[in-house]
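These notes are about the structure you will find just below.
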Amino acid sequence: MTTKKFYPVLKAFTALFLALAMIITLLPAGEVQAATVKLNKTKKTLYVGQTFQLTLKNYKKTVLWTSSDKTVASVDADGAVKALKKGKATITATTAKGSTFTCKITVKNPYVSPKKATLKEGETLQLSVVGANPVSWSSSDKSYAKVGKTTGLVTAVKARDTVVTIKVKCDNGKTYKCKITVVPGDNAGTGDSSGTGDTTASDEYYGIRNPKKKTAYKAEYAFDTPLTSNEQLAGYAREALRAGATRFTVKVGNTEEAIESWCDNFFKLFSQYCAFSGYGNQYAYGYSAYATDKYADLAFEMIYKDGWKAAVLLQHTGYEADATVKKLLKVAQGIVDDAVADSSDLKQQLLYINNRICAMAEYDSIAALKGTSNVIEKIDGVYKVTPAHDATGVLLNGKGVCESYASAYQLCLEILGVENYIMTSSDGAHVWNRVKVDGKWYHVDVTWNDTTDNTFFLLDDDKFLSETKRTGNPVSNHTWYTSYMPE
């Protein structure tokens, strides 16, 4: 006979917050300065036909807007900039007292990314358009290289000496091209699996630098192999949380002591953050256990930040997202597209994204002083993480705490197709990012880079700690638990 044991939501909240005090937000390095008059952007890359709104922050009087070259980029009386042709122009904002603030505008022509590629027979490549929206794709010879009409996914069919031209018509009325060379290969497929055996195939891909096939979204994950180690628990949770599952179930001993022990283990690992590669993007809000004769199914319920929901929307088909999540993904996609257009070098792209986030956001000192109180709110029956602790803070509202900076950077890197995850200090006081470049892992602390001129960008473990000491900050700000890290 099956018996049920229910553990209330309150207990899960208590266990979680006592274990890690969640993310007690830490003020970034340096003093928080009073608001000053400044442009929302000091440099910006646009593509022909695009517009961008410039604003003079913390200034409410009349502003005179002018362009150094109206044929390249025009600006109206409200600061709206329009890109007209390839070139460079400087937009100047002049205050009533004669103070001037400038933004350097670089205008480029849209293009297909990549512009050319060599594929083996059977290989695929996801094309994208930088600076315009694709309408339809076509191939000059689909018997050698075919392309999805609406997806831009190229499949190399058969080798030949001359190139195949892939064309794309865009919403700006222009057509752009990519040259594909097909060489002999083994016709190997590029299928992907989540490891659970029940996802469905998709013709959609994500990740600009390293395209990966999207898989069907699953709201629930069930792991049938009984837990025997914390490493196994961390692995199961990492898989489910990475996929954005709102509920996942593991099997444990059916005694109350066993259930309590594994619950404690979960919250302990959860508090160490790095044990779960997606952590920093979800909160546990409840669990329940259903005991049978031999095992108990221990189910954990999760709340996800909108920033991570946007990543799940990017990576899976069949995932339903609200307007805020979709807007968040669009903003992050724009940042990444600009980074790719700015440079083909990975490190430069990572730096560009770091700088864009720093330029568009400021640290939310008020939210930091509140700590973790009321981090989770219920809106229209749906639990949400407050913007200051989510990517929505810096990307949509222009301010947030360290969680917001790190979550925004992670979302952009997911779009770029770079392996990364969120790090958290062992005292639960600060979060940042860990990024894999050329086979090695590095630290990026976007929050602190906002006030230290990128001192904490792509540093290895030793350099990361030594720079923390050099800047006069406690080492505890940048130390972490090393157990069960996903690398």
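The values are calculated or read from the model by the stated rules, or taken from the named source; none is laboratory data. These numbers were taken from a predicted model, which means no experiment stands behind them. No Cβ is skipped: glycine too gets one built from the backbone with ideal geometry, and neighbour counts run over all protein chains shown. Ligands, DNA and RNA are excluded from the accessible area calculation, which covers all protein heavy atoms including side chains. Shrake-Rupley method; radii C 1.70, N 1.55, O 1.52, S 1.80 Å.
I'd like to verify something in the chain: which complete DSSP H helices, judged by Cα projection on the helix axis, reach 24 Å or more and average at least 0.0 on the Kyte-Doolittle scale?
Passing helices, by number: 323-342.
In the chain, carbon and sulfur make up what percent of the accessible area (probe 1.4 Å)?
Answer for the chain is 50 percent, counting heavy atoms of protein chains only.
Where a ≥ b ≥ c are the square roots of the eigenvalues of the C-alpha gyration tensor, would you call region 304-371 rounded, which needs a/c under 1.5, or, failing that, prolate if a/b is larger than b/c, or oblate?
It comes out oblate by the Cα gyration axes.
When the helices in the chain are scored as -39500 (n - 2.57) per DSSP H run of 4 or longer and the sum is shared across all residues, what 222 nm value do you end up with, to the nearest 500 deg cm²/dmol?
-8000 deg cm²/dmol
Send over a whole-number figure in Å² for the accessible area per residue of region 328-409, probe 1.4 Å.
Here the residues of region 328-409 average 38 Å² of exposed surface.
Using a basic spin-label model with each label point 7 Å from the Cα along Cα→Cβ, how many nm lie between Asn454 and Asp427?
3.0 nm
For Thr479 and Thr162 in the same chain, what is the full-extension length gain: residue separation times 0.36 nm, less their Cα-Cα distance, in nm?
That works out to 108.7 nm of additional length.
Would you mind calculating the gained length between Lys179 and Asn210 on full extension (0.36 nm times residue separation, minus the Cα-Cα distance), in nm to one decimal?
That works out to 9.3 nm of additional length.
Using alpha carbon centroids, what distance separates region 101-139 and region 203-252, in Å?
31 Å
Using Cα pairs closer than 8 Å and at least 6 residues apart in sequence, work out the relative contact order for the chain, in percent.
Once divided by the residue count of the chain, the mean separation gives 14 percent.
Quick one: of Lys82/Lys399; Lys44/Lys88; Lys108/Lys174; Lys41/Lys85; Lys120/Lys179; Lys268/Lys436, which pairs are farther than 18 Å apart, Cα to Cα?
With Cα atoms farther than 18 Å apart: Lys82/Lys399; Lys41/Lys85; Lys268/Lys436.
For Ser99 and Thr225, what is the calculated FRET efficiency with R₀ set at 45 Å and r taken between the beta-carbons, to the nearest 0.05?
After rounding, the FRET efficiency stands at 0.10.
Using only C-alpha positions, report the orientation-averaged shadow area of the convex hull of the chain, nm², one decimal.
In nm², the orientation-averaged hull projection of the chain is 26.1.
So how much slack lies between Asp345 and Lys61, counting 0.36 nm per residue of separation and subtracting their Cα-Cα distance, in nm?
Fully extending the segment from Asp345 to Lys61 adds 98.1 nm.
How large is the charge dipole for region 331-448, taken about the Cα centre, if only the Cβ atoms of Lys, Arg (+1) and Asp, Glu (-1) carry charge, to the nearest 20 debye?
Its charge dipole is roughly 200 debye.
Residues with amide H under 5 Å of Val437's amide H, sequence separation 5 or more or different chain, H placed in the peptide plane at 1.01 Å from N; which?
The answer is Tyr442.
Under a crude label model (7 Å from the Cα following the beta-carbon direction), how far is Ser466 from Lys88 in nanometres?
3.6 nm
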